[in-house]
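Here's the structure we're looking at; comments come further down.
The values are calculated or read from the model by the stated rules, or taken from the named source; none is laboratory data. Values in this document were obtained by computation on a predicted structure and should not be read as measured data. Cβ placement follows ideal geometry from the backbone for every residue including glycine, while neighbour counts extend to all protein chains displayed.
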Amino acid sequence: MFKLVTLEDTIRIPPEKFGQPIESVGYEQLRMKYEGIVDEELGYVIAVIDIKVNPVGKIIPGDGATFHKVTFSLLTFYPIIHEIVEGEVVEIAEFGAFVRIGPIDALLHVSQLMDDFITYDEKQGVLMGKETKRTLTTGDPVRVRITAVSLGRGGSGKIGVTARQPFLGKFEWIEQEIAQISGKEAEQTKPEQAESEEKGE
């Protein structure tokens with residue numbers, strides 16, 4: 001899930017930056033500090049936006065810089081367990097596929113791909129179901145459910161996803177599922193219509 005988070009912080013403006021627009025210096029400082037980090041509370045920080053720097057700063061003895069309070073917003077991506085997300089397959093391996101969701105690649109393990117025995121074709125870069133003949137390769141759009149989230153303090157994160165639930169997986173498979181259900185419903189309504197016609201309703 002993408003979120004906008006509003007925060008407050010203090011930035012240090014070094015003497016060599018004096019005279020430059022305070023907002024742009026503040027933006028530069030905050031980008032260096034926040035963009036690209038992975039945080040347990042914030043998730044994946046994508047961008048710093050909407051900065052307001054207090055023009056009145058403080059001086060600390062022994063430091064020639066000024067310190068200013070700043071209010072700003074962060075665009076973040078925070079993966080939530082059981083959330084359904086859409087992404088694109090960016091890499092295929094023997095053990096599964098990596099799906100790009102937001103700013104991160106999530107692991108779709110072969111055991112979570114489909115109810116079928118799966119083979120891996122290394123030359124083609126394809127995972128294939130033995131019975132269903134369904135294939136998954138790089139560039140395929142997929143819909144998956146988040147099953148595991150680990151946001152480490154070391155600046156890295158891991159996400160696990162599944163496609164082994166109704167209406168999940170490659171878009172093509174979902175369309176086939178919907179078509180099958182629609183076909184079954186149409187077949188079920190035919191006898192009901194015939195009955196009502198016989199009764200003269």
Has the stretch 80-93 got any residue that is more than 14 Å from V142 (Cβ to Cβ) and free of Cβ contacts under 8 Å to residues at least 60 places away in the same chain? yes
Between a residue in the stretch 24-42 that is touching a residue at least 60 places away in the same chain (Cβ under 8 Å) and within 18 Å of G157 (Cα to Cα) and any residue that is of a type in the set (G, A, S) and crowded, with 17+ Cβ neighbours inside 10 Å, which pairs come within a Cβ distance under 6 Å, given they are 6 or more apart or on different chains? V38/G157
Out of all the residues in the stretch 2-16, is one or more closer than 30 Å to E172 by Cα and out of contact with any helix residue (DSSP H, G or I) (no Cβ under 8 Å at 6 or more places or on another chain)? yes
Can you name the residue in the stretch 73-86 that is over 16 Å from Y44 (Cα atoms) and assigned to a strand (DSSP E or B) and is also nearest to the chain's Cα centre (by Cα) among such residues? E86
Residue list for the stretch 138-150, filter: assigned to a strand (DSSP E or B) and either at pLDDT 95 or above or of a type in the set (D, E, K, R) (or both): P141, V142, R143, V144, R145, I146, T147
Which pairs turn up if I take residues in the stretch 54-76 that are under 30 Å from V38 (Cβ atoms) and look for partners that are assigned to a loop (DSSP other than H, G, I, E, B) with beta carbon separation below 6 Å, at least 6 apart in sequence or on another chain? A65/P14; F67/G57; H68/N54; H68/G57; K69/N54; T76/L42
If we keep only residues of the stretch 96-137 that are at pLDDT below 95 and aromatic (F, W, Y), then the residue farthest from V38 (Cα to Cα) is F117
From the list V110, V48, V85, V90, which one is surrounded by 12 or more Cβ atoms within 10 Å (Cβ to Cβ), among the aliphatic types (A, V, I, L, M), in contact with a Ser or Thr (Cβ under 9 Å, 6 or more places away or on another chain) and under 30 Å from T147 (Cβ atoms)? V90
